[in-house]
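> My structure is below; once you've seen it, I'll send some questions.
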Amino acid sequence: MSLRALLFTGVAAATITSLGAATIDNDKVQPFPQPAPVTISEKSAVKFKPSLIIDGRCHPYPAVNAAGETSGGLKGVGQNDGDCKGSGLGSQVYGRAVWHKDRWVNMYAWYFPKDFYDGFFGKVCYRHSWVNAVVWLDNPALENPTVLAVSAVKGDGEYDITSMAASSRKFARLLRGRR
């Protein structure tokens with residue numbers, strides 16, 4: 001499955017799930033507990049799950065609960081982190097993994113109830129935002145898989161891909177990986 005198909009599947013599933021479900025306040029969405037990893041794919045996903053660095057922005061929240069109720073988000077008004085400093089119920093990381101061109105790919109996604117960016121005509125604010133990161137490995141079944149590259153989506157929707165051989169410091173500004 002290609003990365004584009006993987007991303008499309010995730011967005012389609014989230015859209016279909018939200019069609020028959022209620023929308024609730026962003027701070028009322030109960031996150032799913034992380035299950036104990038059993039398969040090679042699950043163990044790899046947990047081992048290489050990045051941590052976000054939140055710097056004066058909205059914190060991630062769960063997007064959907066077990067009943068299929070989805071976050072209503074927040075209006076894009078006020079301070080960048082106003083009313084958005086983290087759910088008392090916990091956060092949620094969504095993930096998928098797939099082989100892509102002989103590389104193992106772990107994709108992680110975080111939901112934010114609102115976001116801002118500096119546009120051409122000033123500050124642009126909107127309800128609902130997703131950020132994702134991709135960790136590229138040689139093979140998750142190896143005792144010590146090698147991280148080949150890490151990708152993160154930039155504000156313009158393009159991916160910044162950093163090869164571990166080229167520079168790990170560049171990407172460390174965005175994510176701190178746990179290994």
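> How many of the residues in the range 70-129 are of a type in the set (S, T, N, Q) and within 17 Å of L52 (Cα to Cα)? Walk me through it before giving the result.
Initial filter on the range 70-129 (of a type in the set (S, T, N, Q)): 70-71, 79-80, 87, 91-92, 106, 129.
Now restrict to residues that are within 17 Å of L52 (Cα to Cα): 80, 87, 91-92, 106, 129.
Result for the range 70-129: 6.
> Follow-up question, since we're still on this one. Among S44, S51, S87, which is assigned to a loop (DSSP other than H, G, I, E, B), in contact (Cβ under 8 Å) with a residue 60 or more places away in the chain and among the small types (G, A, S)? If you could, list the steps in order and put the result at the bottom.
On the way: S44 fails: assigned to a loop (DSSP other than H, G, I, E, B); S51 fails: assigned to a loop (DSSP other than H, G, I, E, B).
Exactly one of S44, S51, S87 is assigned to a loop (DSSP other than H, G, I, E, B), in contact (Cβ under 8 Å) with a residue 60 or more places away in the chain and among the small types (G, A, S), namely S87.
> While we're here: Give the number of residues within the range 64-116 that are more than 27 Å from V46 (Cα to Cα) and among the polar types (S, T, N, Q).
Qualifying residue count, the range 64-116: 2.
> If the requirement is being of a type in the set (G, A, S) and modelled with pLDDT of 90 or more, which of these qualifies: A63, A14? Spell out how you get there, then give the answer.
Values: A14 fails: modelled with pLDDT of 90 or more.
Of the residues listed, the single one that is of a type in the set (G, A, S) and modelled with pLDDT of 90 or more is A63.
> Quick one: which residue in Y126, Y117 is out of contact with any Leu (no Cβ under 6 Å at 6 or more places or on another chain), free of Cβ contacts under 8 Å to residues at least 40 places away in the same chain, in a strand (DSSP E or B) and of a type outside the set (D, E, K, R)?
Working: Y126 fails: free of Cβ contacts under 8 Å to residues at least 40 places away in the same chain.
Checking each option against the conditions leaves just Y117.
> Related question: Which numbered condition trips up Y117, out of (1) modelled with pLDDT under 80; (2) out of contact with any Gly (no Cβ under 6 Å at 6 or more places or on another chain); (3) within 25 Å of T23 (Cβ to Cβ)?
Answer for Y117: the failing condition is (2).
The values are calculated or read from the model by the stated rules, or taken from the named source; none is laboratory data. Computed from a prediction, not measured in an experiment: that's the story for all the values here. Note: ideal-geometry Cβ built from the backbone for every residue, glycine included; neighbour counts use all protein chains shown.
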